[in-house]
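Down below is the structure, laid out as structure tokens.
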Amino acid sequence: MEKINYKQLAPAFFDQVIGLGNKVHGDNYLDPESLARIYHKSIVNDINASWVALICDELVGFRLTLAADQWEPDHWCTPDLWNVASKHVCYFKCNTVDERYRSAGIGSRLLSLSINCARQQGSLAGLAHIWLASPGNSAFRYFSKCGGELIKKHPGKWRNLSIDDGYCCPVCPDICECVAAEMIIHFK
């Protein structure tokens, strides 16, 4: 395999991130406005916790991470079960790797880079909502292998995105009814 370069997310990569994100996660998963908001919430004290992976100039993966205190836990979150104050928890929005490059360690490396930056920003843990409908439940297995602990399962987590924002789940025929696993990684 060719050399993989890892860089912090920057606006120059937005089009490629949106393209890969919508290809993997479904149409309307990301758009320029939502990605710009995520990007700005990734940065604290000039430290950016979101990363991309490139081979030559082709984006083959990305990790979007919102800094602690830059996101609001909603009703899909159970902070009482996290064992750490929510103000010290970053949010792993998504980890996406082009199917041609999966199982090459890209996802794990992106997560490691994000965790290192989140720690520098003051995070003690990171939360994610893992898509349990991923092929072979690979997202849950990957996140568990990286230290993720299951907090709670949330049916219909992405339902409102389907209804209100036109999100097209790659699994559900109309409205997304997929189950999300709320998972946390405590940084050591």
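The values are calculated or read from the model by the stated rules, or taken from the named source; none is laboratory data. Remember, predicted model here, so these are calculated numbers, not experimental data. We place every Cβ from the backbone using ideal geometry, glycine too, and count neighbours over all the protein chains shown. Remember, those area values only see protein heavy atoms, side chains included, never the ligands or the DNA or RNA. Shrake-Rupley method; radii C 1.70, N 1.55, O 1.52, S 1.80 Å.
Quick look at the values:
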read-out: Residue, nearest to residue 28 (Cα to Cα), within segment 149-188, restricted to residues that are open to solvent by less than 60 Å² (accessible area, probe 1.4 Å) and of a type in the set (Val, Ile, Thr); value: 179
read-out: Number of the condition not met by residue 150 [criteria: (1) in contact (Cβ under 8 Å) with a residue 40 or more places away in the chain; (2) closer than 15 Å to residue 82 by Cα]; value: (1)
read-out: Complete set of residues in segment 29-85 that are hydroxyl-bearing (Ser, Thr, Tyr) and either free of Cβ contacts under 8 Å to residues at least 60 places away in the same chain or touching a helix residue (DSSP H, G or I) at 6+ places or on another chain (Cβ under 7 Å) (or both); value: 29, 34, 39, 42, 50, 65
read-out: Count of residues meeting criterion [assigned to a helix (DSSP H, G or I) and touching a residue at least 12 places away in the same chain (Cβ under 8 Å)] in segment 1-18; value: 6
read-out: Of all residues making up segment 13-30, the number that are open to solvent by less than 60 Å² (accessible area, probe 1.4 Å), on the phi < 0 side of the Ramachandran plot and out of contact with any Asp or Glu (no Cβ under 7 Å at 6 or more places or on another chain); value: 10
read-out: Qualifying position, being farther than 24 Å from residue 150 by Cβ and modelled with pLDDT of 95 or more, among 104, 12, 68; value: 12
